[in-house]
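Okay, structure first, notes after.
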Amino acid sequence: MASLSARLTRTLLRTLVQPTFTPGFGLKRQRQRLNTLQQLMPMPFGVRKQTTPCGGIPAWRLTPATIHEASPTQTIPQTVLLYLHGGGYVVGSPTSHGEMVARIARQCNLDTWLIDYRLAPEHPAPAALEDALRAYRTLRAQGPVIIAGDSAGGGLSLALTVAIGEQQLPKPKALVLFSPWADLSCSGASINEREEREVLLQAEWLRYAAEQYAGDQDLDHPHLSPLHADFCDFPPTLIQVGSEEILYDDSSRLAQRMRHAGVDVTLSEYPQMWHVFQLHAGYMPEARQALNEVAAFIRQQAE
């Protein structure tokens, strides 16, 4: 059975947040609502936040207190984490995701960059991918990079890895994906079969967001729907998904195709959880368990 905090959170999400994710609510109000709700959660102790560009892209740099400035004589480059937030490419920001990402930075003991990539419809594809690629180039020039992201940010993490391969850049050490939106055509059976079980997203909103981001581009292009990508040279990947969520099939199909391509991929399913439940790690044991798994996976890959 889900914890009491999870049951209460499910009710609050269905009441306060899910109604926000409708085309008629308006993107400006959706963005404000998400930022306001997340600002109610205090940033975790032991993480320093700096607002500073990453490759010219606005970003939050989240540095655990246990990480000290490298000495001038240090020659071993330190692994960093590049995090791409979710929000259907139309909402979301460092403000909406900063508390969760700061927790990830602290648990993984990694200098972490949470970039504020451009959103649609003001900036349709490939704007988000261009921003992510610029940030990755900047960080990779200094040392190894692990890429992580949730929902649309998970899809963008996959698209970024595709673009990295196309441009023959050094690949990331690993990927961490929370409920990645890997198929903007919304062809997975769970879009309809689990819509009533999901407490955050709605199918109508997903299709609307896909249209805003894609514009006149083909939804099946791997830069938009990386479910259709060639995964043959992808790094080790951890995918976390909730059993109740509308995008469940994006994760399950992605893991299957990655395994077929020979990728070292782990698919972790969390019972009775919804889309990107990890956002609630400040008070929900299931979410803390998920971040503990992330930390263990990242420590293994960062060695």
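A few points about this structure:
- Yes/no for THR22 being surrounded by 19 or more Cβ atoms within 10 Å (Cβ to Cβ), of a type in the set (Ser, Thr, Tyr), under 22 Å from TRP205 (Cβ atoms) and in contact (Cβ under 8 Å) with a residue 12 or more places away in the chain: no
- Boolean, ALA189 is over 18 Å from LEU291 (Cα atoms), aliphatic (A, V, I, L, M), open to solvent by 10 Å² or more (accessible area, probe 1.4 Å) and touching a helix residue (DSSP H, G or I) at 6+ places or on another chain (Cβ under 7 Å): yes
- In the stretch 253-303, the qualifying residues are those that are among the acidic types (Asp, Glu) and either closer than 17 Å to TYR83 by Cα or open to solvent by less than 40 Å² (accessible area, probe 1.4 Å) (or both), and the one that is nearest to the chain's Cα centre (by Cα) is GLU293.
- Number of positions in the stretch 25-41 that are touching a residue at least 24 places away in the same chain (Cβ under 8 Å) and in contact with a Phe, Trp or Tyr (Cβ under 9 Å, 6 or more places away or on another chain): 2
- Of the residues in the stretch 32-40, none is within 24 Å of LEU158 (Cβ to Cβ), of a type in the set (A, V, I, L, M) and touching an Asp or Glu at 6+ places or on another chain (Cβ under 9 Å).
- Flag if ALA135 is part of a helix (DSSP H, G or I), in contact with a Cys (Cβ under 9 Å, 6 or more places away or on another chain), under 24 Å from GLN301 (Cβ atoms) and at pLDDT 95 or above: yes
- Selection of the stretch 211-254 for residues being within 20 Å of ASP131 (Cβ to Cβ) and in contact (Cβ under 8 Å) with a residue 40 or more places away in the chain yields GLN212, TYR213, ALA214, GLY215, GLN217, PRO222, HIS223, LEU224, SER225, PRO226, ALA229.
- Taken as a whole, the condition of being buried (at least 22 other Cβ atoms within 10 Å of the Cβ), touching a Cys at 6+ places or on another chain (Cβ under 8 Å) and more than 14 Å from LEU227 (Cα to Cα) does not apply to ILE246.
- Being over 30 Å from PRO77 (Cβ atoms), modelled with pLDDT of 95 or more, outside any helix (DSSP H, G or I) and touching a Gly at 6+ places or on another chain (Cβ under 7 Å) is a property that does not hold for HIS221.
- The stretch 1-10 - residue that is modelled with pLDDT of 95 or more and open to solvent by 40 Å² or more (accessible area, probe 1.4 Å) and, of those, farthest from GLU211 (Cα to Cα): LEU4
The values are calculated or read from the model by the stated rules, or taken from the named source; none is laboratory data. Computed from a predicted model, the values in this text were never measured in an experiment. As a convention, Cβ positions derive from the backbone with ideal geometry for all residues, glycine included, and neighbour counts pool all protein chains shown. To get the accessible areas, we keep the full protein, side chains included, count just its heavy atoms, and leave off ligands, DNA and RNA. Shrake-Rupley method; radii C 1.70, N 1.55, O 1.52, S 1.80 Å.
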